[in-house]
Amino acid sequence: MSMSEITEPLTSDPPGEPLSVKILEYWGNIRRRKWLVLCSIVAGVAIAAMLCVVLPKSYRSNTLILIENQKIPEDYVKGIGGASVEQRLTMIQQQVMSRTILSQILDEYDLYERQVKREGIESTIETLRKMIKVETVGTLGAWGKSVEAITLSFAHEDPATAMKVTAKLASLFIEENVKVREQLVTGVSVFLEQELFEAKKALEAQEEAISKYKTKFMGQLPEQMEANLRALDRLQAELNSTDDLLHGQSDRLSRVEKSIMEYETSGGTTADSDNPKSVNSAMDPLVARLRELERRLTSLRAEWKETYPDIADTKQEIDDVKAQLAEKYSAQATDKDGEGAKSYDPYLRELLKQRNELRADLSAIRDRRARLVEQIKDMERRVEQIPSREQELMILVRDYENRKKNYQALLDKRLNAHVAENLEKRQQGEQFRVLDEANLPQKPEKPNRLVIMMFGLIGGCALGVGLAVGLEHLNPTFRRREEVEILPGMQVLATVPQFFTLNPQISAMPKTGARMAGQGSLGVPAVKIASQGTPWVPFGNGNEINPVSLNLVAKWQPRSIAAEQYRMAATKLVLSTEGRRSTVVEITSALMGEGKTTTVVNLGYTIARDFRKKTLLIDCDFQRPALHHYVRVLSRGGLIEFLDSQASLDDCVSVIDECPCFVMAASGAVGTGREWNEFGRIQQLKAMLPELRAKFQYLIINTPPVLSSATMGILATLADELVWVIRAGHSPKHLVQKAFTMLGQTAQRRVILNGLDPHSMPHHLYGYTMPYGRDRSVESVRH
């Protein structure tokens, strides 16, 4: 089974609440600096008492102003509410507490004359503002707190002056309220008149806009939809009749043109072909001759070219006939196609005349039809645009209606404003009235001695706690196991709490003055605690107890938590060095006063008693030796004598009791003027270690502090195991880390955290054994 499997369950702390751990840590800081906290509390109370005497007295006068509602019911006359009561009160308060009015009050009642001369008018006015207090009184309802009255007060060192100024302020509040109400109704009337004039102008402008719109889009208005549809039907009927007439005239023209063509084709015969004589008799012979020549010319051209002689003769003969006809009828010859000949035929002329008339009629009918189509398209366009015009007109009409309603509403409001103005002028509206006159105060308001004393007490407590906690943060130390284990390469062997000896002063007694002063009875040296003046106690008869030796809690209080923690550290050391025949363990610390010597004695005694290991405790702290206080009978020699070969090993060691724990003090005769030469002694010890290893299983060396001794670097090379002692709440973290750096230890560092506050110990350890903090009796030990 490994060492970790055996020891971890003994040393692991159960998870706790971080907040509770912090609270216990702060409480420990306060307990350690309780005198600082008490002094801070006394100072706070003293300052508070002095303030109660020094501060001037101040008397406050109060008056109550009632807010009366409108006297005439609002069902008959509706007043002009304006802002809420709270808002009007704020405005009135700003006006009353303005610089102008407060300056008048200062001059009228000669207030703060010394302050005016010393600090000026502005600072005095600010002081006067602070002395005036305005509060509202009301009931809490579903819609919030209703304001029903105002409490107005003023504080001054003279009660009569306070009463007069309070009465003056109340009258100013009432006057300002009347002014505000009158200004409100007057302003409302003027405003409504202006708004009414603007609304009328806007209404007239809207009416004009509607009129211009109807004029511009006449024929496209919504109300003209039916007329436009009837006109469209009428035009459509006219178009249909025109189309019928156009078709009839076109048929007549076709027949006339057909007759003309048939007449020309038949050679001038009419439809009565059975009586050719009547036809020929009606035709001029020259015309008939001309027709015959033209037909002949046509047939010749069909057979011959234009250069053929007959064609030329026929053309010449046609020209002659035409010349004769021209002379006969005194008319101009027409084109060479024979149109002129046609005009001289009365029947043909009549047909041509009819054709021309029909063509003219058709042209007129077509023009009329085109106009009808255009009118129909225009009418259809109007009908299609009527919905959009309707929307535009609707917007104009809607704006007109809104403006009209606004104008009517303004008319009603103006009438109501005139009535409300008369209501205010007759003082029938909301009014302020003084319900309680300003009183003459009998007791001073300030200073409030109880409050000042309470603040002094609380402030002193806060200052003391703050200083206690702040000093701890300015110089941080190790207070809990977790703070040590968080450093890299650290193994905490045990956490030893503070423990108490028979006399509470003994545990706090420094070992600086613990020196061998002389010889007691039976030739045994006696100890004298010089710093406390404790009388010396002889060692030798077995009935007296050395007060310093009571720190050996492993012997005197074996059931205490401290003794149990030393057993835990011893267990870990023994298990970690189980394979060695002999082990050299050095116990050191960064500073003096860490509990290093106490740790050496308790750890060595526990290893010897509980594990039956032959153990030797060597005191190498030549400047402050202390191991000789823990032995039953001091030996003749010590480490110095052993190194100088002036005494044998048996003559240089002492015992504590029957267990195999031996002590080699620094010297057997302290203070004899012997040369220490620490560096040389360490080299001698190094040479003697093999001899000591052969006789003892554990050599535990009490070394000097690392930061206070130059020899610790050499001593550290002699050790198989180096154990650091750190005193909780005493060793600054930076100095401990500096000590680690000075030794240059790269392996795992073993630490015993000493002097912990019992309340910061894990709950499964605190109270596990007997309450050593209360029962300080020394247990009986076999001698």
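Computed from the alpha carbon atoms alone, the convex hull of segment 577-677 holds 120 Å³ per residue.
Where Lys and Arg each count +1 and Asp and Glu each count -1, what net charge lies around Asp651 among other residues with Cβ under 13 Å from its Cβ?
Within the 13 Å Cβ shell, the charges total -2.
Within segment 545-602, the GluC sites (Glu not before Pro) that combine a DSSP coil assignment with at most 12 other C-beta atoms in a 10 angstrom radius are Glu578.
Dividing the Cα convex hull volume of segment 86-218 by residue count, how many Å³ per residue is that?
Working: hull volume 23.9 nm³, N = 133.
Normalising the Cα hull of segment 86-218 by residue number yields 179 Å³.
Hey, which of these cross-link pairs are over 18 Å Cα-Cα: Lys315/Lys353; Lys201/Lys405; Lys168/Lys443; Lys57/Lys130; Lys572/Lys695?
Details: Lys315/Lys353 29 Å; Lys201/Lys405 14 Å; Lys168/Lys443 21 Å; Lys57/Lys130 15 Å; Lys572/Lys695 22 Å.
Those over the limit are Lys315/Lys353; Lys168/Lys443; Lys572/Lys695.
Radius of gyration (Cα atoms) of segment 142-218, expressed as a multiple of 2.2 N^0.38 Å: 2.33. Only protein heavy atoms count here; on that basis, with a 1.4 Å probe, His628 has an accessible area of about 10 Å². Across segment 451-463, rounded Karplus estimates of 3J(HN,Hα) from the backbone phi angles (6.51 cos²θ - 1.76 cosθ + 1.60, θ = phi - 60°) give 5, 5, 5, 5, 5, x, 5, 5, x, x, 4, 4, 5 Hz, Gly and Pro being marked x.
Using DSSP to define loop residues, name the trypsin sites (Lys or Arg not before Pro) in segment 360-457 whose beta-carbon has at most 11 other beta-carbon atoms within 10 Å.
Working: sites: Arg366, Arg368, Arg369, Arg371, Lys377, Arg381, Arg382, Arg389, Arg398, Arg403, Lys404, Lys405, Lys413, Arg414, Lys425, Arg426, Arg433, Arg449; in loops: Arg426.
For trypsin sites (Lys or Arg not before Pro) across segment 360-457 that sit outside H, G, I, E and B with at most 11 neighbouring Cβ atoms in 10 Å, the list reads Arg426.
Applying 1/(1 + (r/R0)^6) with r as the Cβ-Cβ distance of His418 and Glu157 and R0 = 51 angstrom yields a FRET efficiency of 0.50. Share of segment 714-757's accessible area from carbon and sulfur, percent, 1.4 Å? Solvent-exposed carbon and sulfur of segment 714-757 make up 47 percent of the total. In this structure the amide hydrogen of Val492, modeled in the peptide plane, comes within under 5 Å of the amide hydrogens of Val751, none closer than 5 places in sequence on its chain.
At an R0 of 22 angstrom, the distance between the Cβ atoms of Ala462 and Cys52 translates into a FRET efficiency of 0.65.
Phi-derived couplings, Karplus 6.51 cos²θ - 1.76 cosθ + 1.60 at θ = phi - 60°, listed residue by residue for segment 592-601: 7, x, 8, x, 5, 5, 4, 5, 4, 5 Hz, with x used for Gly and Pro.
Global size of segment 194-270: 30.1, 100 Å for Rg and Dmax (C-alpha atoms, Rg to one decimal, Dmax whole).
The values are calculated or read from the model by the stated rules, or taken from the named source; none is laboratory data. Everything numeric here is computed off the predicted structure, so don't read it as measured data. Methodologically, a virtual Cβ is constructed for each residue, glycine included, from the backbone with ideal geometry; neighbour enumeration extends over all protein chains shown. Just so you know, the surface numbers come from the protein's heavy atoms only, side chains and all, with ligands and any DNA or RNA stripped out. Shrake-Rupley method; radii C 1.70, N 1.55, O 1.52, S 1.80 Å.
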